[in-house]
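Q: Before we start, here is the structure in question, set down as structure tokens.
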Amino acid sequence: MAAVDSLPVPSPDDATLVIPAPGEGPGYWAGGPSAVVAADGTYWLAYRLRRPHGVGRGYANVIARSGDGVSFETVAVLEREEFDCDSLERPALIELPDGTWRIYVSCATPGTDHWRVDALDAPDPSAFSAQSARTVLAGDPAVVAVKDPVIKRVDGHWHLWLCCHPLDLSDATDRMTTVYGSSQDGLAWDLQGTALAGVEGRWDQRGARAADVLFRGGRWLAYYDGRASKEENAEERTGIAVGDVPGHLVADGEVIGSGPDGSWSLRYTSCLELPDGGLRLYYETKRLDGAHDLRTEYVPPSR
């Protein structure tokens, strides 16, 4: 496995299947992972399950736990009907300073291209309930859809990288940029402008969405998803971006995560820093039949 700007390049051919797609063929996805390793060594994983349009779309966010980071046991399922929405996308899971937990859920407003983000708190990830949901990032039904947040606490400070889809062109709402925000409590957010965007004429020109961000060696290192055209929506590839500050990430221009036949294009990388100094990656990959699986790989400290 190679490394780019101190982040390892995923190698899906060497990865282990964690959660298979819930069906065969295009539109059946298991992925959009958000992973956390707790102080006691337990791995927690939140992810999205999806069926094609017309038979469910993003129908559930699942929360699961593991002792080894590979074999997971489901402890809670949040279903889209509980949120009065058409679809659920990638969740964001975080352990709070007091030992309780929060999950951020991306919800599609029925009959529109708009998305919002709700937050749920619970004493334990197995206790999440939609009854406690509160909207913390509303977007604007006429202006912008917001979804797929990446949320981190670093040195006591809350950071947000939010995927934003402009709604000014009805046939181009797949366009996307990443906006940075900060907060005192992870609920009320101050959005501070674009942190990452695609570049005209490049593989990511249609949009760039932060998938995970780490603070390592005094720099902010990000995996991000990009696409060149509307036709590549939902089949994004992965790139790496770096910044000296969290609100300005610069992509290196290279694309990773695409086989010669497109069979293992990948997106939504979630990266865990482990106590042994190694890393564990989780990401969504495309199969030959068009379905998406959730896979993982371990990166030893020396690499």
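Q: Filter the stretch 280-296 down to the residues that are in contact with an Asp or Glu (Cβ under 7 Å, 6 or more places away or on another chain) and open to solvent by 10 Å² or more (accessible area, probe 1.4 Å), then identify the one that is nearest to Arg216 (Cα to Cα). I'd like the intermediate steps shown before the answer.
A: Going residue by residue through the stretch 280-296, those that are in contact with an Asp or Glu (Cβ under 7 Å, 6 or more places away or on another chain) are 281, 285-287, 289, 291-292, 294.
Filter once more, keeping what is open to solvent by 10 Å² or more (accessible area, probe 1.4 Å): 286-287, 289.
Numbers: Lys286: 29, Arg287: 32, Asp289: 37 Å.
Taking the candidates together, the pick is Lys286.
Q: Also: Between a residue in the stretch 112-130 that is more than 11 Å from Val146 (Cα to Cα) and any residue that is of a type in the set (Asp, Glu), which pairs come within a Cβ distance under 7 Å, given they are 6 or more apart or on different chains?
A: Ala130/Glu82
Q: Follow-up question, since we're still on this one. Write out, first by first residue and then by second, each pair whose Cβ atoms fall under 6 Å of each other, whose residues are 6+ apart or on separate chains, and whose first residue, in the stretch 83-98, is more than 22 Å from His157 (Cβ to Cβ) and open to solvent by 20 Å² or more (accessible area, probe 1.4 Å) while the second is among the small types (Gly, Ala, Ser) and assigned to a strand (DSSP E or B).
A: Asp86/Ala108
Q: Let me ask you something else. In the stretch 135-153, which residues are more than 18 Å from the chain's Cα centre (by Cα) and touching a residue at least 60 places away in the same chain (Cβ under 8 Å)?
A: None - no residue of the stretch 135-153 is more than 18 Å from the chain's Cα centre (by Cα) and touching a residue at least 60 places away in the same chain (Cβ under 8 Å), so the list stays empty.
Q: Six or more apart or on different chains, Cβ under 7 Å: which pairs go from a residue in the stretch 175-198 that's at positive phi to one that's assigned to a loop (DSSP other than H, G, I, E, B)? Could you list them?
A: Gly193/Gly247
Q: Let me ask another. Restricted to the stretch 174-197, and to residues that are assigned to a loop (DSSP other than H, G, I, E, B), charged (D, E, K, R) and open to solvent by 40 Å² or more (accessible area, probe 1.4 Å), which residue is nearest to Val117 (Cα to Cα)?
A: Once the filter is applied, the top-ranked residue is Asp185.
The values are calculated or read from the model by the stated rules, or taken from the named source; none is laboratory data. No experiment lies behind these values; they were computed from the predicted model shown. Quick reminder, even Gly has a Cβ in these numbers, built from the backbone with ideal geometry, and neighbours come from all protein chains shown. Areas reflect the complete protein model, heavy atoms only, side chains present, ligands, DNA and RNA absent. Shrake-Rupley method; radii C 1.70, N 1.55, O 1.52, S 1.80 Å.
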